[in-house]
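Working notes, structure below.
The values are calculated or read from the model by the stated rules, or taken from the named source; none is laboratory data. The structure displayed is predicted, hence computed values, not measured ones. Virtual Cβ from ideal backbone geometry, glycine too; neighbours counted across all protein chains shown. Please note that ligands, DNA and RNA were not included when accessible areas were found on the heavy atoms of the full protein model with its side chains. Shrake-Rupley method; radii C 1.70, N 1.55, O 1.52, S 1.80 Å.
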Amino acid sequence: MKNYDIVVIGGGPAGLAAAIEAKKQGIKKVLVIERDIELGGILQQCIHNGFGVHIFKEELTGPEYAQRYINMAREENIELLMDTIVTSITKDKRVRATNCGGILDIQAKAIVLTMGCRERTRGACAIPGDRPSGVLTAGAAQRFINIEGYNVGKKVIILGAGDIGMIMARRIVLEGGEVIAVLARGNIVKGLTRNIVQCLDHYNIPLLMNHNIIEIKGKERMTSVVVAQTDERKDVIPGTEKEYECDTLLLSVGLIPENELSRQAGIIIDRKTSGPVVNESMETSVEGIFASGNVVHVHDVVDFVTEESCRAGRNAARYVKGEISAESEAMNVVVSGGLSYCVPHKIRLSAMPDKMDLFLRVEDIYPEAKIVIKNQGKELARFKKTHLTPGEMIKQTVVKALFKDCKGDLEITLEVEGGKK
(Lines give C-alpha, C1' and ligand atoms only; values in the text may rest on other atoms or scores of the structure.)
Protein backbone atom coordinates (compact mmCIF):
# COMPACT_ATOMS: atom_id res chain seq x y z
CA MET A 1 0.00 0.00 0.00
CA LYS A 2 1.37 3.40 -1.03
CA ASN A 3 0.39 6.54 0.87
CA TYR A 4 -0.09 10.04 -0.56
CA ASP A 5 -1.45 13.31 0.76
CA ILE A 6 -3.51 14.00 -2.36
CA VAL A 7 -4.33 11.73 -5.30
CA VAL A 8 -5.67 13.41 -8.45
CA ILE A 9 -7.55 11.11 -10.84
CA GLY A 10 -7.17 12.44 -14.38
CA GLY A 11 -4.19 14.11 -16.03
CA GLY A 12 -5.98 16.58 -18.28
CA PRO A 13 -6.10 20.36 -17.77
CA ALA A 14 -8.28 20.01 -14.67
CA GLY A 15 -6.14 17.39 -12.96
CA LEU A 16 -2.84 19.13 -13.69
CA ALA A 17 -4.12 22.50 -12.44
CA ALA A 18 -5.46 20.93 -9.22
CA ALA A 19 -2.22 19.05 -8.56
CA ILE A 20 -0.02 22.09 -9.22
CA GLU A 21 -2.10 24.28 -6.93
CA ALA A 22 -2.03 21.66 -4.15
CA LYS A 23 1.76 21.47 -4.40
CA LYS A 24 2.05 25.27 -4.28
CA GLN A 25 0.05 25.17 -1.04
CA GLY A 26 2.80 23.12 0.58
CA ILE A 27 1.49 19.57 0.08
CA LYS A 28 4.49 17.31 -0.47
CA LYS A 29 3.10 13.98 -1.69
CA VAL A 30 0.81 14.58 -4.68
CA LEU A 31 0.08 11.87 -7.27
CA VAL A 32 -1.67 12.32 -10.64
CA ILE A 33 -3.08 9.16 -12.24
CA GLU A 34 -3.84 9.29 -15.99
CA ARG A 35 -5.31 6.42 -18.02
CA ASP A 36 -3.80 7.58 -21.33
CA ILE A 37 -0.13 7.17 -22.29
CA GLU A 38 0.41 10.94 -22.11
CA LEU A 39 -0.83 13.89 -20.08
CA GLY A 40 -3.01 16.70 -21.38
CA GLY A 41 -6.32 14.94 -21.90
CA ILE A 42 -8.58 16.02 -24.75
CA LEU A 43 -6.45 19.13 -25.38
CA GLN A 44 -3.83 17.03 -27.18
CA GLN A 45 -6.19 16.54 -30.12
CA CYS A 46 -7.50 20.13 -30.18
CA ILE A 47 -4.97 21.64 -32.58
CA HIS A 48 -7.03 24.81 -33.20
CA ASN A 49 -6.24 27.97 -31.25
CA GLY A 50 -8.40 29.94 -28.82
CA PHE A 51 -7.16 28.41 -25.56
CA GLY A 52 -5.56 30.47 -22.77
CA VAL A 53 -7.13 33.85 -23.50
CA HIS A 54 -8.20 34.32 -19.85
CA ILE A 55 -5.27 32.61 -18.10
CA PHE A 56 -2.29 33.53 -20.30
CA LYS A 57 -3.77 36.52 -22.19
CA GLU A 58 -2.85 34.93 -25.53
CA GLU A 59 -4.33 32.42 -27.96
CA LEU A 60 -2.77 28.95 -27.75
CA THR A 61 -3.56 25.65 -29.40
CA GLY A 62 -4.79 22.83 -27.17
CA PRO A 63 -1.41 21.02 -27.10
CA GLU A 64 0.39 24.30 -26.33
CA TYR A 65 -1.96 25.01 -23.42
CA ALA A 66 -1.59 21.47 -22.10
CA GLN A 67 2.21 21.55 -22.39
CA ARG A 68 2.44 24.63 -20.19
CA TYR A 69 0.72 22.75 -17.37
CA ILE A 70 2.70 19.56 -18.02
CA ASN A 71 5.89 21.61 -17.67
CA MET A 72 4.63 23.24 -14.45
CA ALA A 73 3.70 19.84 -13.00
CA ARG A 74 7.20 18.53 -13.66
CA GLU A 75 8.77 21.68 -12.22
CA GLU A 76 6.78 21.08 -9.03
CA ASN A 77 8.08 17.46 -8.92
CA ILE A 78 4.57 16.05 -8.89
CA GLU A 79 4.51 12.28 -9.26
CA LEU A 80 2.85 11.36 -12.56
CA LEU A 81 1.50 7.89 -13.29
CA MET A 82 0.34 7.37 -16.89
CA ASP A 83 -1.21 4.41 -18.71
CA THR A 84 -2.95 3.52 -15.44
CA ILE A 85 -6.68 2.94 -14.93
CA VAL A 86 -8.37 3.59 -11.59
CA THR A 87 -10.86 0.79 -10.97
CA SER A 88 -12.32 1.93 -7.65
CA ILE A 89 -12.29 4.55 -4.93
CA THR A 90 -13.85 4.30 -1.48
CA LYS A 91 -15.27 6.73 1.07
CA ASP A 92 -12.17 6.31 3.22
CA LYS A 93 -10.14 7.58 0.23
CA ARG A 94 -8.55 4.32 -0.80
CA VAL A 95 -7.74 4.10 -4.52
CA ARG A 96 -7.28 0.90 -6.47
CA ALA A 97 -5.70 1.08 -9.93
CA THR A 98 -4.12 -1.18 -12.50
CA ASN A 99 -1.43 -0.92 -15.16
CA CYS A 100 1.15 -3.17 -16.82
CA GLY A 101 2.85 -3.53 -13.45
CA GLY A 102 -0.21 -5.09 -11.83
CA ILE A 103 -2.68 -3.93 -9.16
CA LEU A 104 -1.94 -0.76 -7.17
CA ASP A 105 -3.42 -0.03 -3.74
CA ILE A 106 -3.12 3.61 -2.71
CA GLN A 107 -4.25 5.39 0.44
CA ALA A 108 -4.87 9.13 0.18
CA LYS A 109 -5.71 11.82 2.70
CA ALA A 110 -7.72 13.60 0.00
CA ILE A 111 -8.79 12.82 -3.57
CA VAL A 112 -9.53 15.21 -6.45
CA LEU A 113 -11.72 13.79 -9.23
CA THR A 114 -10.95 15.26 -12.67
CA MET A 115 -11.98 12.47 -15.07
CA GLY A 116 -13.60 14.81 -17.59
CA CYS A 117 -16.49 13.70 -19.78
CA ARG A 118 -17.34 11.44 -22.71
CA GLU A 119 -19.46 11.93 -25.82
CA ARG A 120 -22.95 10.62 -26.36
CA THR A 121 -23.03 7.93 -29.02
CA ARG A 122 -25.60 6.83 -31.61
CA GLY A 123 -27.21 4.58 -29.03
CA ALA A 124 -27.79 7.53 -26.69
CA CYS A 125 -29.79 9.45 -29.32
CA ALA A 126 -31.57 6.37 -30.76
CA ILE A 127 -31.09 6.94 -34.49
CA PRO A 128 -32.77 4.04 -36.39
CA GLY A 129 -31.58 2.44 -39.60
CA ASP A 130 -28.70 0.28 -40.80
CA ARG A 131 -25.45 -0.17 -38.90
CA PRO A 132 -22.72 0.58 -41.47
CA SER A 133 -19.26 2.03 -40.87
CA GLY A 134 -18.88 5.79 -41.16
CA VAL A 135 -20.88 6.72 -38.04
CA LEU A 136 -18.70 8.13 -35.26
CA THR A 137 -18.60 10.87 -32.65
CA ALA A 138 -17.06 14.23 -33.50
CA GLY A 139 -14.39 13.72 -30.84
CA ALA A 140 -13.37 10.36 -32.28
CA ALA A 141 -13.13 11.95 -35.73
CA GLN A 142 -10.98 14.73 -34.26
CA ARG A 143 -8.56 12.19 -32.81
CA PHE A 144 -8.39 10.19 -36.05
CA ILE A 145 -7.55 13.29 -38.10
CA ASN A 146 -5.38 15.32 -35.73
CA ILE A 147 -3.44 12.57 -33.95
CA GLU A 148 -3.71 9.35 -35.94
CA GLY A 149 -3.49 11.04 -39.36
CA TYR A 150 -6.56 9.38 -40.93
CA ASN A 151 -9.26 11.25 -42.83
CA VAL A 152 -12.68 10.03 -41.73
CA GLY A 153 -14.78 10.81 -44.83
CA LYS A 154 -15.24 12.77 -48.02
CA LYS A 155 -18.90 13.74 -47.83
CA VAL A 156 -19.97 14.43 -44.27
CA ILE A 157 -23.10 15.46 -42.39
CA ILE A 158 -22.93 16.47 -38.72
CA LEU A 159 -25.73 16.02 -36.19
CA GLY A 160 -25.58 18.43 -33.27
CA ALA A 161 -24.41 22.04 -33.16
CA GLY A 162 -22.06 21.60 -30.23
CA ASP A 163 -18.61 23.18 -30.15
CA ILE A 164 -16.70 20.08 -31.21
CA GLY A 165 -19.17 19.38 -34.02
CA MET A 166 -18.75 22.87 -35.47
CA ILE A 167 -14.97 22.76 -35.06
CA MET A 168 -14.87 19.43 -36.90
CA ALA A 169 -17.03 20.84 -39.70
CA ARG A 170 -14.27 23.35 -40.39
CA ARG A 171 -11.59 20.67 -40.01
CA ILE A 172 -13.27 18.40 -42.57
CA VAL A 173 -13.32 21.24 -45.11
CA LEU A 174 -9.66 22.07 -44.46
CA GLU A 175 -8.83 18.40 -45.14
CA GLY A 176 -10.53 18.61 -48.53
CA GLY A 177 -13.88 17.08 -47.60
CA GLU A 178 -17.39 18.40 -48.06
CA VAL A 179 -19.73 19.15 -45.18
CA ILE A 180 -23.34 18.99 -46.39
CA ALA A 181 -24.73 20.65 -43.26
CA VAL A 182 -24.64 20.84 -39.50
CA LEU A 183 -28.01 19.90 -38.02
CA ALA A 184 -29.41 21.24 -34.74
CA ARG A 185 -32.24 19.11 -33.36
CA GLY A 186 -33.86 22.11 -31.65
CA ASN A 187 -33.95 25.87 -32.13
CA ILE A 188 -30.90 26.58 -29.94
CA VAL A 189 -27.24 26.13 -30.80
CA LYS A 190 -25.45 24.40 -27.92
CA GLY A 191 -22.00 25.72 -28.84
CA LEU A 192 -20.23 29.06 -28.55
CA THR A 193 -21.29 31.91 -30.84
CA ARG A 194 -17.69 32.39 -31.97
CA ASN A 195 -17.67 28.83 -33.35
CA ILE A 196 -20.81 29.49 -35.40
CA VAL A 197 -19.02 32.43 -37.01
CA GLN A 198 -15.48 31.06 -37.33
CA CYS A 199 -16.29 27.44 -38.18
CA LEU A 200 -19.56 27.60 -40.13
CA ASP A 201 -20.19 31.09 -41.50
CA HIS A 202 -16.60 31.64 -42.65
CA TYR A 203 -16.66 28.35 -44.57
CA ASN A 204 -20.21 28.64 -45.94
CA ILE A 205 -21.34 25.51 -44.10
CA PRO A 206 -25.15 25.42 -43.72
CA LEU A 207 -26.61 25.30 -40.20
CA LEU A 208 -30.08 23.74 -40.28
CA MET A 209 -32.06 24.40 -37.10
CA ASN A 210 -34.93 22.10 -36.06
CA HIS A 211 -33.69 19.14 -38.09
CA ASN A 212 -32.97 15.57 -37.05
CA ILE A 213 -31.76 12.35 -38.69
CA ILE A 214 -34.48 9.71 -38.81
CA GLU A 215 -32.65 6.96 -40.71
CA ILE A 216 -29.13 5.83 -41.61
CA LYS A 217 -28.71 3.83 -44.82
CA GLY A 218 -25.86 1.63 -46.00
CA LYS A 219 -24.57 -1.92 -45.90
CA GLU A 220 -20.82 -1.96 -45.24
CA ARG A 221 -20.26 1.83 -45.52
CA MET A 222 -23.06 4.34 -45.05
CA THR A 223 -24.42 5.76 -48.28
CA SER A 224 -27.04 8.28 -47.13
CA VAL A 225 -29.13 9.63 -44.27
CA VAL A 226 -32.77 10.69 -44.14
CA VAL A 227 -33.29 14.08 -42.49
CA ALA A 228 -36.58 15.62 -41.37
CA GLN A 229 -37.68 18.89 -39.82
CA THR A 230 -38.81 18.91 -36.18
CA ASP A 231 -41.35 20.95 -34.25
CA GLU A 232 -40.92 22.84 -30.96
CA ARG A 233 -41.03 19.51 -29.08
CA LYS A 234 -38.36 18.07 -31.41
CA ASP A 235 -40.90 15.65 -32.91
CA VAL A 236 -40.57 14.88 -36.63
CA ILE A 237 -42.90 16.81 -38.95
CA PRO A 238 -44.35 14.29 -41.47
CA GLY A 239 -43.76 15.13 -45.11
CA THR A 240 -40.51 17.03 -44.52
CA GLU A 241 -38.21 14.03 -45.02
CA LYS A 242 -35.23 14.50 -47.35
CA GLU A 243 -32.43 12.05 -48.20
CA TYR A 244 -28.81 13.23 -48.37
CA GLU A 245 -26.04 11.19 -49.98
CA CYS A 246 -22.99 10.99 -47.67
CA ASP A 247 -20.33 8.53 -46.52
CA THR A 248 -19.84 9.83 -42.97
CA LEU A 249 -22.02 10.96 -40.07
CA LEU A 250 -20.43 12.79 -37.12
CA LEU A 251 -22.38 13.00 -33.87
CA SER A 252 -22.01 16.04 -31.63
CA VAL A 253 -25.05 15.40 -29.45
CA GLY A 254 -23.78 16.19 -25.98
CA LEU A 255 -21.24 15.25 -23.33
CA ILE A 256 -21.66 13.11 -20.22
CA PRO A 257 -19.43 13.67 -17.15
CA GLU A 258 -17.44 10.50 -16.33
CA ASN A 259 -18.80 9.67 -12.87
CA GLU A 260 -18.75 5.89 -12.58
CA LEU A 261 -16.06 6.17 -9.89
CA SER A 262 -18.00 8.93 -8.15
CA ARG A 263 -21.15 6.81 -7.92
CA GLN A 264 -19.11 3.86 -6.73
CA ALA A 265 -17.86 5.96 -3.80
CA GLY A 266 -21.43 6.96 -2.87
CA ILE A 267 -21.06 10.58 -4.00
CA ILE A 268 -24.36 12.39 -4.58
CA ILE A 269 -24.86 13.27 -8.27
CA ASP A 270 -26.83 16.30 -9.49
CA ARG A 271 -29.45 15.14 -12.01
CA LYS A 272 -29.17 18.38 -13.98
CA THR A 273 -25.39 18.45 -14.49
CA SER A 274 -24.81 14.67 -14.20
CA GLY A 275 -21.84 15.59 -12.01
CA PRO A 276 -21.17 15.55 -8.26
CA VAL A 277 -22.92 17.99 -5.96
CA VAL A 278 -20.11 20.22 -4.67
CA ASN A 279 -19.74 23.01 -2.14
CA GLU A 280 -17.78 26.28 -2.28
CA SER A 281 -14.52 24.32 -1.84
CA MET A 282 -15.40 21.93 -4.71
CA GLU A 283 -15.77 19.18 -2.09
CA THR A 284 -18.32 16.48 -2.89
CA SER A 285 -20.84 14.93 -0.51
CA VAL A 286 -18.08 12.55 0.67
CA GLU A 287 -15.70 14.33 3.02
CA GLY A 288 -12.20 14.74 1.61
CA ILE A 289 -13.14 13.90 -1.99
CA PHE A 290 -13.11 16.95 -4.26
CA ALA A 291 -14.05 17.32 -7.93
CA SER A 292 -13.60 19.91 -10.68
CA GLY A 293 -13.77 20.52 -14.41
CA ASN A 294 -15.97 18.60 -16.82
CA VAL A 295 -16.55 15.77 -14.36
CA VAL A 296 -18.67 18.27 -12.34
CA HIS A 297 -20.33 20.15 -15.22
CA VAL A 298 -19.49 20.53 -18.88
CA HIS A 299 -17.45 23.68 -19.55
CA ASP A 300 -17.11 25.52 -22.84
CA VAL A 301 -13.83 27.34 -22.00
CA VAL A 302 -10.77 25.46 -20.71
CA ASP A 303 -9.57 28.53 -18.79
CA PHE A 304 -12.64 28.20 -16.56
CA VAL A 305 -11.79 24.53 -16.03
CA THR A 306 -8.34 25.59 -14.85
CA GLU A 307 -9.65 28.26 -12.49
CA GLU A 308 -12.19 25.88 -10.96
CA SER A 309 -9.57 23.14 -10.59
CA CYS A 310 -7.15 25.49 -8.85
CA ARG A 311 -9.93 26.05 -6.32
CA ALA A 312 -10.33 22.29 -5.88
CA GLY A 313 -6.58 21.73 -5.47
CA ARG A 314 -6.20 24.63 -3.04
CA ASN A 315 -9.05 23.41 -0.85
CA ALA A 316 -7.93 19.78 -0.97
CA ALA A 317 -4.64 21.07 0.43
CA ARG A 318 -6.48 23.01 3.13
CA TYR A 319 -8.41 19.85 4.01
CA VAL A 320 -5.21 17.82 4.37
CA LYS A 321 -3.75 20.55 6.61
CA GLY A 322 -6.90 20.56 8.76
CA GLU A 323 -7.97 24.07 7.80
CA ILE A 324 -11.48 23.12 6.64
CA SER A 325 -14.17 21.93 9.04
CA ALA A 326 -16.58 19.34 7.68
CA GLU A 327 -19.16 20.23 10.32
CA SER A 328 -19.94 23.76 9.06
CA GLU A 329 -23.57 24.38 8.11
CA ALA A 330 -24.12 24.84 4.36
CA MET A 331 -26.67 26.87 2.42
CA ASN A 332 -28.25 25.11 -0.53
CA VAL A 333 -28.18 27.10 -3.78
CA VAL A 334 -31.59 26.96 -5.49
CA VAL A 335 -32.02 28.25 -9.08
CA SER A 336 -35.19 29.32 -10.91
CA GLY A 337 -36.60 31.63 -13.58
CA GLY A 338 -34.77 30.15 -16.56
CA LEU A 339 -31.50 29.17 -14.90
CA SER A 340 -30.51 25.55 -15.45
CA TYR A 341 -28.00 25.09 -12.61
CA CYS A 342 -25.41 26.76 -10.42
CA VAL A 343 -22.03 25.43 -9.31
CA PRO A 344 -21.27 25.29 -6.43
CA HIS A 345 -24.49 23.68 -5.24
CA LYS A 346 -23.83 24.49 -1.57
CA ILE A 347 -22.00 27.31 0.24
CA ARG A 348 -20.48 27.22 3.73
CA LEU A 349 -19.69 30.74 4.86
CA SER A 350 -16.96 29.50 7.22
CA ALA A 351 -15.00 28.08 4.27
CA MET A 352 -15.93 30.63 1.60
CA PRO A 353 -13.13 32.96 0.39
CA ASP A 354 -13.65 36.73 0.29
CA LYS A 355 -14.40 36.47 -3.44
CA MET A 356 -15.75 33.45 -5.31
CA ASP A 357 -17.04 32.62 -8.79
CA LEU A 358 -20.45 31.11 -9.40
CA PHE A 359 -20.90 29.19 -12.67
CA LEU A 360 -24.42 29.22 -14.11
CA ARG A 361 -26.24 28.23 -17.30
CA VAL A 362 -29.55 29.35 -18.75
CA GLU A 363 -32.13 27.12 -20.43
CA ASP A 364 -32.99 29.44 -23.33
CA ILE A 365 -31.74 32.53 -25.20
CA TYR A 366 -32.33 35.87 -23.47
CA PRO A 367 -31.25 39.18 -25.08
CA GLU A 368 -31.57 41.08 -21.77
CA ALA A 369 -31.85 39.68 -18.24
CA LYS A 370 -30.77 40.11 -14.64
CA ILE A 371 -29.39 37.49 -12.26
CA VAL A 372 -30.90 38.15 -8.85
CA ILE A 373 -29.61 36.62 -5.61
CA LYS A 374 -32.04 36.38 -2.69
CA ASN A 375 -32.20 34.90 0.78
CA GLN A 376 -35.56 34.27 2.44
CA GLY A 377 -37.19 36.65 -0.05
CA LYS A 378 -34.71 39.47 0.61
CA GLU A 379 -32.76 40.65 -2.44
CA LEU A 380 -29.00 40.64 -1.86
CA ALA A 381 -27.69 41.58 -5.30
CA ARG A 382 -28.57 41.75 -8.99
CA PHE A 383 -26.34 41.60 -12.03
CA LYS A 384 -27.35 42.81 -15.48
CA LYS A 385 -26.60 40.42 -18.36
CA THR A 386 -26.92 40.69 -22.14
CA HIS A 387 -27.33 37.92 -24.71
CA LEU A 388 -27.48 34.85 -22.50
CA THR A 389 -27.48 31.51 -24.32
CA PRO A 390 -27.29 27.86 -23.12
CA GLY A 391 -24.06 27.37 -25.08
CA GLU A 392 -22.11 29.93 -23.05
CA MET A 393 -21.59 29.47 -19.33
CA ILE A 394 -22.04 32.49 -17.05
CA LYS A 395 -19.23 33.26 -14.62
CA GLN A 396 -20.40 35.56 -11.84
CA THR A 397 -18.07 36.76 -9.07
CA VAL A 398 -19.63 37.31 -5.65
CA VAL A 399 -18.17 38.54 -2.35
CA LYS A 400 -18.48 36.78 0.99
CA ALA A 401 -19.80 39.91 2.72
CA LEU A 402 -22.94 39.60 0.60
CA PHE A 403 -24.03 36.50 2.54
CA LYS A 404 -22.98 37.40 6.10
CA ASP A 405 -26.55 37.44 7.48
CA CYS A 406 -27.96 34.62 5.33
CA LYS A 407 -29.91 31.68 6.74
CA GLY A 408 -31.46 28.74 4.92
CA ASP A 409 -31.41 28.40 1.13
CA LEU A 410 -29.74 30.88 -1.18
CA GLU A 411 -32.06 31.64 -4.10
CA ILE A 412 -30.67 32.65 -7.51
CA THR A 413 -33.20 33.54 -10.18
CA LEU A 414 -33.22 35.00 -13.68
CA GLU A 415 -35.39 38.06 -14.31
CA VAL A 416 -35.99 38.44 -18.05
CA GLU A 417 -36.53 41.75 -19.81
CA GLY A 418 -38.47 41.62 -23.06
CA GLY A 419 -38.91 37.85 -23.11
CA LYS A 420 -36.98 35.16 -24.93
CA LYS A 421 -35.32 35.69 -28.28
Area accessible to solvent at residue 407, 1.4 Å probe radius, in Å²: 140 Å²
Model label zone, residue 96; criterion: amide N under 19 Å from point 7 Å along Cα-to-beta-carbon; scope the range 259-300: 259-267
Paramagnetic reach from residue 144 in the range 174-188 [backbone N under 19 Å; point 7 Å along Cα→Cβ]: 174-183
Accessible heavy-atom area order of 88, 262, highest first, probe of 1.4 Å: 88, 262
Solvent-accessible surface (1.4 angstrom probe) belonging to residue 336, in square angstrom, nearest 10: 60 Å²
Positive-end residue of 176, 369, 249, charge dipole of the chain with Cβ unit charges: 369
Distance between modelled label sites at residue 365 and residue 151, nm, 7 Å Cα→Cβ extension: 3.4 nm
Computed [θ] at 222 nm, helices only, for the chain once each DSSP H run of length n ≥ 4 contributes -39500 (n - 2.57): -5000 deg cm²/dmol
Principal-axis tilt of helix 302-320 within the chain, Cα atoms, nearest 10 degrees: 30 degrees
Residue 103-residue 334 pseudo-label distance in nm [points 7 Å out on the Cα-to-Cβ vector]: 4.7 nm
Candidate lysines - alpha carbon under 25 Å from residue 109, same-chain residues fewer than 8 apart omitted: 2, 23, 24, 28, 29, 91, 93, 321, 346
With Cα atoms, 0 to 90° folded angle of helix 163-174 axis to the chain main axis: 50 degrees
0 to 90° range, to nearest 10: angle between helix 62-75 axis and the chain longest Cα axis: 20 degrees
Spatial separation of Cα centroids for the range 114-135 and the range 231-291, in angstrom: 13 Å
Electrostatic dipole magnitude of the chain [Cβ: Lys, Arg +1; Asp, Glu -1; Cα centre; debye, to 20]: 640 debye
Largest-first ordering by accessible area, 1.4 Å probe, given options 103, 55: 103, 55
Projected label distance in nm at residue 204 and residue 233, using a 7 Å step from Cα toward the beta-carbon: 4.0 nm
Computed lengthening from residue 264 to residue 74, 0.36 nm per intervening residue step minus Cα-Cα distance: 65.3 nm
Structure-derived Rg and Dmax of the Cα atoms in Å - corresponding label in [x] 19.4, 57; [y] 22.3, 66; [z] 26.4, 83: [y]
Ranking by accessible area, most exposed first, for 359, 51, 56, 144 with a 1.4 Å probe: 144, 56, 51, 359
FRET efficiency, residue 64 to residue 416 (Cβ-Cβ, R0 41 Å, nearest 0.05): 0.55
